[in-house]
Amino acid sequence: MTLVSGWGRFPVVDSELLRPRSFEAVGEAVVTGSVARGNGRAYGDAAIGAIRTVAMTGFDRVRSFDPVTGRIRLEAGVLLSDLIDTFGPRGFLPFVVPGTRFVSVGGAIAADVHGKNHHCEGGFGRYVDSILLRTGQGETIEASREQNSDAFFATVGGMGLTGVILEATMRLRPVETGWIRERVISASDLDAAMRALDAGDSATYSVAWIDCAARGSDLGRSLIYLGEHARTGEIADGAGAFPAGKNPGLAVPVDLPSMTLNRYSIRAFNELYYRMGARRAGGGHVVSLYPYFFPLDSIADWNRIYGRRGFLQHQCVIPELGARAVLGEILDRVARRGDASFLAVLKKLGQGDGILSFPLPGYTLALDFPVKGDILNFLDEIDRLVVAAGGRLYLAKDARQSRATFEAGYPALRRFNAIRKSLDPAGTIRSKLSQRLFDEV
Amino acid sequence: MTSRKSAIVLGGSSDIGRAAARAFAKAGYDVALAGRDVAALEPDAADLRARYNVEVGLRTFDVLDTASFEGFVSGLAALPDVVISIVGLLGVQQNAESDLAHATTIMRSNYEGPSLILGLFAEKFLARGSGTIVGVSSVAGDRGRASNYVYGSAKAGFSAFLSGLRARASRGGVHVVTVKPGFVRTKMTEGMKLIGPLTVEAPVVGDAILNAVEKKTDVIYVSGKWRLVMLIIKTLPEAVFKKLKF
Ligand SMILES: Cc1cc2nc3c(=O)[nH]c(=O)nc-3n(C[C@H](O)[C@H](O)[C@H](O)COP(=O)(O)OP(=O)(O)OC[C@H]3O[C@@H](n4cnc5c(N)ncnc54)[C@H](O)[C@@H]3O)c2cc1C
């Protein structure tokens, strides 16, 4: 057995970790209590098998690529970072990228990840045309919107619970450059932030970084980053069409003592971050795609700054109507606690595509908390606000929500469960997350 | 005809072989992958073509079948610019201590076969007056250890072969690179206890090989830390070394 955890390093549990080398070996590896694992960037317990975890990053081959249309067939373990480095210079990028590029294609499909463009372009699954799925029942099927469509829509956002994605065919976005034309807007409070995001609806990319240490009349003050792909004529003279992507340089070598992160250091950091960003506000400028999309990737193993006990991310989405009041209430409680995240992220989402996809039209707020003290109780209270507002939590970030919260947030769950059952009548595919939230016990 | 450079990878299905092939293809080389099971290499060939838009060929090659070597080399449509041998077999030391057949296979896979095939390429390269030869040896060849001296001694032989070949061939415009990767996370080392800070991933080795070829480096340890570790291990007096357990 091996100790396995997600990116948040909570919980840490025993699971047998297997690295199959062929699709046949994947089939043999899947026994009762298994789930696939991509690059382990889900925060909680989604990518940990109840008994056995099947690592997929060894499957990193591209099968075919059409340089005219950008259609690509690849194995599910290919990382988005690899796709960007390989096809970016050839003029193609993934349509949707999350806040880290170190996720696998399989993990991105299973979580139907959203990027800064979800409000206008949808999630990762929208650009996937078909998948090769090894079901819990032991069959290998091709699934698309037309063929085995139930399996397709249950797998997009299905957190690995329909089976193991072996391959996918998807579309890449043609781009002229690897640069982003960015505009920063500073918002002095939550109302201004939400207005700025609404006004940014027509921007391809938009996201707000909230200073969640700010309170009172500053509550919700933030920096809104809007972005568009830069055309060839818009990049600086002498800059290459595609910027070089650096490997994470600085690594956090050890777990920092949890003392390092306290209400003072967090407040100071937020203050500094806000001021530095506010100075950049106003006119547009062009930045490399790497810092624009993946600000945290430049520090390897940054999850260690939260100390050995790990941390929790709480990401909810609140439907548009009534969102202002609930978000204000959550932010106020977080600010009053004082030990919240370095940074909170607020952005708008559109309709999700998969049956269990997280996004719904509204605002999503993501917060980090170190695991300590009464944090679990505190988050349960926040969950009650989310549920009352008709919202839900993101499974890729979750390690602790209750069954009741989950069931209230995902009304399509029954349909998902029926499809899951038909693909896997014996209940072979089980993760720690599915044991916690889905499976009858 | 293109004027692109070309590389052939012997042992193309290994993790380091795949990584090296990717590094060279990414740098614009046409690549040939050689291995026992050509069908198993087809997905890797497709991967390289799709990613880098280069020509990729497949060749059957068995390092134990030395009789086939002459035919293998003369059968190549064109002599490549770079030949890279990644072939090797770790084997099981304990079995090799009593099973002569197993010991022989380890010795032949790590020393005899790789040396003979690279020697043949060297003759062709020297006749042409150019070319680069890369042999992936091992830090295990720097000093025999109780826990893997059958493998280590074969790698030692291979390292010595490469250094002698380098001395001779350099006068004829042919460069020889010896690669000592240290611990690499691959199929070969799966399940073994590797020392984290001394362990690298296969792509790091692939990039290091390309870099050594382009910069004409003679011997690379991939992770610089290994040079120091092996310096210490090599200079320990035998009386001390034999008492150490590792
Ligand atoms: C710094 C950071 C920023 C992030 N930002 C965002 C963001 O902006 N938007 C967003 O949506 N997410 C974000 N995430 C979450 C991340 O995108 C998802 O958790 C993603 O699923 C991780 O992919 P992975 O390959 O690491 O998968 P893992 O974490 O290994 O697995 C995640 C899920 O996918 C399943 N899975 C993985 N591979 C397969 C496969 N081959 N077949 C079937 N199921 C599979 C697993 O079973 C599991 O349920 C962020 C994470 C981090 C660490």
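Observations
- Residues considered: A:Arg126, A:Arg171, A:Arg181. Of these, the only one that is open to solvent by 40 Å² or more (accessible area, probe 1.4 Å), under 24 Å from A:Phe87 (Cα atoms), under 24 Å from the mean Cα position of the chain (by Cα) and within 16 Å of the ligand (Cβ to nearest atom) is A:Arg126.
- Each residue in region B:185-200 was checked for being within 14 Å of another protein chain (Cβ to nearest Cβ) and exposed (fewer than 13 other Cβ atoms within 10 Å of the Cβ), and 6 pass.
- Candidates A:Ile382, A:Ile429 - the one that is β-branched (Val, Ile, Thr) and in contact with a Leu (Cβ under 6 Å, 6 or more places away or on another chain): A:Ile429
- Test: A:Arg134 is under 29 Å from B:Ala19 (Cα atoms), at pLDDT 95 or above, within 11 Å of the ligand (Cβ to nearest atom) and part of a strand (DSSP E or B): yes
- In this entry, A:Arg71 passes the filter for residues that are touching a residue at least 40 places away in the same chain (Cβ under 8 Å), on the phi < 0 side of the Ramachandran plot and open to solvent by 40 Å² or more (accessible area, probe 1.4 Å).
Here's the yes/no breakdown for (1) outside any loop (DSSP other than H, G, I, E, B); (2) at pLDDT 95 or above:
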| position | (1), (2) |
| --- | --- |
| A:Arg126 | yes, yes |
| A:Glu142 | yes, yes |
| A:Gln147 | no, yes |
| A:Met159 | no, yes |
| A:Val184 | yes, no |
| A:Ala196 | yes, yes |
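- Criterion applied to A:Ala187, A:Ala192, A:Ala154, A:Ala203 was being closer than 30 Å to A:Ala50 by Cα and open to solvent by less than 50 Å² (accessible area, probe 1.4 Å), and the one residue passing it is A:Ala154.
- Against the conditions (1) crowded, with 20+ Cβ neighbours inside 10 Å; (2) modelled with pLDDT of 95 or more; (3) under 23 Å from A:Asp112 (Cβ atoms); (4) more than 11 Å from chain B (Cβ to nearest Cβ), A:Ala29 satisfies every one except (3).
- Residue pairs whose Cβ atoms lie under 9 Å apart, separated by 6 or more positions or on different chains, with the first residue in region A:373-384 and at pLDDT below 95 and the second in a helix (DSSP H, G or I) and open to solvent by less than 60 Å² (accessible area, probe 1.4 Å), are A:Ile375/A:Arg337.
- Top-ranked residue in region B:183-236 [being touching a Leu at 6+ places or on another chain (Cβ under 7 Å) and at pLDDT below 80; ranked as nearest to B:Lys26 (Cα to Cα)]: B:Ser223
- Criterion: away from chain B (no Cβ under 13 Å) and part of a helix (DSSP H, G or I) - qualifying residue of A:Gly115, A:Gly99, A:Gly107: A:Gly107
- Strands (runs of 3 or more DSSP E) lying entirely in region A:310-429 (those with 1 or more residues that are open to solvent by 50 Å² or more (accessible area, probe 1.4 Å) and of a type in the set (Asp, Glu)): none
- Here A:Ile299 clears all of (1) open to solvent by less than 50 Å² (accessible area, probe 1.4 Å); (2) within 21 Å of A:Pro98 (Cα to Cα); (3) β-branched (Val, Ile, Thr) except the condition numbered (1).
- All of (1) in contact (Cβ under 8 Å) with a residue 40 or more places away in the chain; (2) among the small types (Gly, Ala, Ser); (3) open to solvent by less than 50 Å² (accessible area, probe 1.4 Å); (4) not in a strand (DSSP E or B) hold for A:Gly227 with one exception: (4).
- Filter result for B:Leu33 (out of contact with any His (no Cβ under 8 Å at 6 or more places or on another chain), modelled with pLDDT of 95 or more and on the phi < 0 side of the Ramachandran plot): yes
- Enumerated helices (runs of 4 or more DSSP H) restricted to region B:38-147, each holding at least 3 residues that are over 30 Å from A:Thr86 (Cβ atoms) and away from every other protein chain (no Cβ under 14 Å): B:69-74, B:93-98, B:100-107, B:113-128
- The requirement of being aliphatic (A, V, I, L, M), crowded, with 19+ Cβ neighbours inside 10 Å, closer than 28 Å to A:Phe95 by Cα and without any contact (Cβ under 8 Å) to a residue 40 or more places away in the chain is satisfied by A:Val78.
- Note on region B:153-162: residues that are open to solvent by 40 Å² or more (accessible area, probe 1.4 Å) and free of Cβ contacts under 8 Å to residues at least 40 places away in the same chain total 1.
- Hey, B:Ala27 more than 11 Å from chain A (Cβ to nearest Cβ), open to solvent by 20 Å² or more (accessible area, probe 1.4 Å) and either under 15 Å from B:Ala208 (Cβ atoms) or under 15 Å from the mean Cα position of the chain (by Cα) (or both) or not: yes
- Across region A:51-68, the qualifying residues are those that are part of a loop (DSSP other than H, G, I, E, B) and crowded, with 23+ Cβ neighbours inside 10 Å, and the one among them that is nearest to the other protein chains (Cβ to nearest Cβ) is A:Phe59.
The values are calculated or read from the model by the stated rules, or taken from the named source; none is laboratory data. As the structure is a computational prediction, the values presented were derived from the model and not from experiment. Glycine gets a Cβ as well: all are built from the backbone with ideal geometry, and neighbour counts include every protein chain shown. Just so you know, the surface numbers come from the protein's heavy atoms only, side chains and all, with ligands and any DNA or RNA stripped out. Shrake-Rupley method; radii C 1.70, N 1.55, O 1.52, S 1.80 Å.
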